[in-house]
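Presented below is the structure to which this report refers.
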Amino acid sequence: MEALIPVINKLQDVFNTVGADIIQLPQIAVVGTQSSGKSSVLESLVGRDLLPRGTGIVTRRPLILQLVHVDPADGRKNEEGDVEEWGKFLHTKNKIYSDFDEIRQEIENETERVSGNNKGISDDPIHLKIFSPHVVNLTLVDLPGITKVPVGDQPKDIEIQIRDLILKHISNPNCIILAVTAANTDMATSEALKVAREVDPDGRRTLAVVTKLDLMDAGTDAMDVLMGRVIPVKLGIIGVVNRSQLDINNKKSVADAIRDEYAFLQKKYPSLANRNGTKYLARTLNRLLMHHIRDCLPELKTRINVLAAQYQSLLSSYGEPVEDQSATLLQLITKFATEYCNTIEGTAKYIETAELCGGARICYIFHETFGRTLESVDPLGGLSTIDILTAIRNATGPRPSLFVPEVSFELLVKKQVKRLEEPSLRCVELVHEEMQRIIQHCSNYSTQELQRFPKLHEAIVEVVTSLLRKRLPITNEMVHNLVAIELAYINTKHPDFADACGVMNNNIEEQRRNRMRELPAAVPRDKAAAAGPQGEQDGTGNWRGMLKKGEETASSGPGSPLKGVVNLLDVPVPVARKLSSREQRDCEVIERLIKSYFLIVRKNIQDSVPKAVMHFLVNHVKDSLQSELVGQLYKSGLLNDLLTESEDMAQRRKEAADMLQALQRASQVIAEIRETHLW
């Protein structure tokens, strides 16, 4: 199981090559306040002085520190001879650092290079790997110390920045939290434990470290704290003794400090000495990390496989570099035309689930939008009884009519049929808009290869848009003609219309008989029949009666120059009056005829307009799309221009290929673990 940590280090190296943190690897994050002894703990684990020192905030970038145990015989050679301990930074590639003062200086230089020299922080980590026979295999992350008050040129929100940076790392469920607290402070007010509990409320991955045991007030000790009686921590509480600033100034070695620490623990905490101290902390961290890695590997393997499949798909969408331009162009044109037609037919590979698209929307336009709009058109909308009566009288000319003139019916029904043209043309417009939307749909979902070639994409959009634009007036003209055809000849012999007229005549005859039955028995039938017309002639509702009254008024009026002459301009025309029974009957006849014939025409239009749109617009575009694209774009002079990739496509392809390669190598590393029975 000891070999599991080097495996994680190898995985870390794999992902470091592509600069990615998409995989959350098991690691140990060190959290604590400023001057709590975090750096001293890390240096004790390494056994060497390698971290920057100073007052205030010193760690301003996360330091990912990988400790790799090597055999003494595996030492490296440099200009000064064999060395048994050395370090390597990721950002300096293969440069070997055998002088740990140089390592410290490089950390300071790299920190200032990114974070500046104003005590600001950055979340861009520094990767350092230490090879030594005196360390155990560990991966540690040193994070900036928690602070409350900005000092110097620090940003005012430095506390929030540091807190967010810490939470970003310890929120990783594969991360063990090493919460560092000084023994000369109250454990109940530990900021490190407080932050740890926010992301690990159960304490399953938190280990507490109490530093500066030798600096407690006289007469006090940390026995209750170390025994977990103050604040229990599931993974345990380990106490250590740090080097003082005086020790550091006097160049006291870490090895000497560890010996003094052991002596202090034996003297002050003899019963707990074997469960505290730097060496015990190192062994505990090594054990916890190994078990944690073992628990995390199944999920890690699944995550790597899922990401590998995603990046493989992404790389495929970017396509290979173009070698045969003619074949590539023809292939892309053909694929776009096929996907466009399939979207209309409903057989596209990418089916839209959020809204109707393509052929489904066209069907909705035909049968829901257009159909319901036509059904909402009132056959008699815009016609008043006076309009109908006026049309009837205008159609009779100077002679009184015995029957309802057909001319009035044709005049009125044409006016109503004409109202069907506007919704029909709107139907064409909606279908044209949907055909335009399909272009974008195919570009976004169906043919992602077009995103590689923005100029080709623009050219295809222009060709298809132009084709649709050319077909729009042709389709509009056909739909206009469909309505004009209905207006050209009013077919009163239409079977459905003839049946309606027959039913209507039967209803009128039945009404006449009912009125005859209601007359008193003393009134002769012939007089009853004459009573209506005679009453109409004498009544005020008759036009002749109005003319007669007008004549009497004109002849008897005072000062009339021409007695008996009627000035028609002075005849009052009533705006609203009670219609006579014949006028009511004539209006009812016309209304019923208009409604009957309008419904016939509306049915014809509702059926013929979608057919015309499909033939002249939809099907024509489907059938001629590929030939139009080939004819406009498949030209030798356009190949280089159309197949020019976008500026960032090559870079994205390289990044995707590198990430896929890294994921495949990581998958191989995990497979090796299974083969060696480490997992």
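Any chance segment 286-296 includes a residue that's under 30 Å from residue 649 (Cα atoms) and of a type in the set (A, V, I, L, M)? No: zero hits. Considered as a group, the residues in segment 95-118 that are in contact (Cβ under 8 Å) with a residue 12 or more places away in the chain and in a loop (DSSP other than H, G, I, E, B) include one that is nearest to residue 144 (Cα to Cα), and that residue is 118.
For segment 234-254, a tally of residues being hydrophobic (A, V, I, L, M, F, W, C) and loosely packed, with under 12 Cβ neighbours inside 10 Å returns 1. The residue list 599, 593, 633, 629 contains one member that is buried (at least 18 other Cβ atoms within 10 Å of the Cβ) and either among the charged types (D, E, K, R) or at pLDDT 90 or above (or both), which is 629. Yes or no: segment 54-71 includes at least one residue that is at pLDDT below 85 and part of a strand (DSSP E or B). There is at least one residue in segment 54-71 that is at pLDDT below 85 and part of a strand (DSSP E or B).
When segment 636-649 is filtered for residues that are in a helix (DSSP H, G or I), open to solvent by less than 90 Å² (accessible area, probe 1.4 Å) and either out of contact with any Phe, Trp or Tyr (no Cβ under 9 Å at 6 or more places or on another chain) or modelled with pLDDT of 80 or more (or both), the ones remaining, listed by number, are 637, 638, 639, 641, 642.
Taking segment 192-204 as the range and being crowded, with 17+ Cβ neighbours inside 10 Å and at pLDDT below 90 as the test, only 203 passes. Scanning segment 205-233 for residues that are more than 30 Å from residue 173 (Cα to Cα) and surrounded by 13 or more Cβ atoms within 10 Å (Cβ to Cβ) turns up 213, 214, 215, 216, 221, 222, 223. Quick check on segment 319-331. Is at least one of its residues touching a helix residue (DSSP H, G or I) at 6+ places or on another chain (Cβ under 7 Å), surrounded by 14 or more Cβ atoms within 10 Å (Cβ to Cβ), under 30 Å from residue 426 (Cα atoms) and at pLDDT below 80? No, every residue in segment 319-331 fails to be touching a helix residue (DSSP H, G or I) at 6+ places or on another chain (Cβ under 7 Å), surrounded by 14 or more Cβ atoms within 10 Å (Cβ to Cβ), under 30 Å from residue 426 (Cα atoms) and at pLDDT below 80.
Mind checking whether some residue in segment 302-318 is of a type in the set (Lys, Arg) and either within 30 Å of residue 649 (Cβ to Cβ) or open to solvent by less than 30 Å² (accessible area, probe 1.4 Å) (or both)? Among the residues of segment 302-318, at least one is of a type in the set (Lys, Arg) and either within 30 Å of residue 649 (Cβ to Cβ) or open to solvent by less than 30 Å² (accessible area, probe 1.4 Å) (or both), which makes the answer yes. A count restricted to segment 167-191 and to residues that are aliphatic (A, V, I, L, M), under 27 Å from residue 23 (Cβ atoms) and either open to solvent by 70 Å² or more (accessible area, probe 1.4 Å) or in a helix (DSSP H, G or I) (or both) stands at 2.
All conditions but one from (1) out of contact with any Asp or Glu (no Cβ under 7 Å at 6 or more places or on another chain); (2) surrounded by 14 or more Cβ atoms within 10 Å (Cβ to Cβ) apply to residue 89; the one that does not is (1).
Where helices (runs of 4 or more DSSP H) sit wholly within segment 323-403, those with at least 1 residues that are under 30 Å from residue 440 (Cβ atoms) occupy 325-345, 359-364, 371-375.
When 556, 580 are checked against the criterion of being modelled with pLDDT under 90, open to solvent by 70 Å² or more (accessible area, probe 1.4 Å) and among the hydroxyl-bearing types (Ser, Thr, Tyr), 556 stands alone in meeting it. Scanning segment 661-668 for any residue that is free of Cβ contacts under 8 Å to residues at least 24 places away in the same chain and over 31 Å from the mean Cα position of the chain (by Cα) turns up at least one such residue.
For segment 332-339, the criterion of being modelled with pLDDT under 85, open to solvent by less than 50 Å² (accessible area, probe 1.4 Å) and closer than 29 Å to residue 433 by Cβ is satisfied by no residue at all.
Does residue 452 fit the bill of being under 26 Å from residue 343 (Cα atoms), surrounded by fewer than 16 Cβ atoms within 10 Å (Cβ to Cβ) and in contact (Cβ under 8 Å) with a residue 12 or more places away in the chain? Criteria not met by residue 452. Criterion applied to 369, 373, 347 was being open to solvent by 20 Å² or more (accessible area, probe 1.4 Å), closer than 29 Å to residue 425 by Cα and within 25 Å of the chain's Cα centre (by Cα), and the one residue passing it is 347.
The values are calculated or read from the model by the stated rules, or taken from the named source; none is laboratory data. Computed from a predicted structure; not experimentally measured. Note that each Cβ is placed from the backbone with ideal geometry, even for glycine, and that neighbours are counted across all protein chains shown. Accessible surface areas use protein heavy atoms only, side chains included; no ligands, DNA or RNA. Shrake-Rupley method; radii C 1.70, N 1.55, O 1.52, S 1.80 Å.
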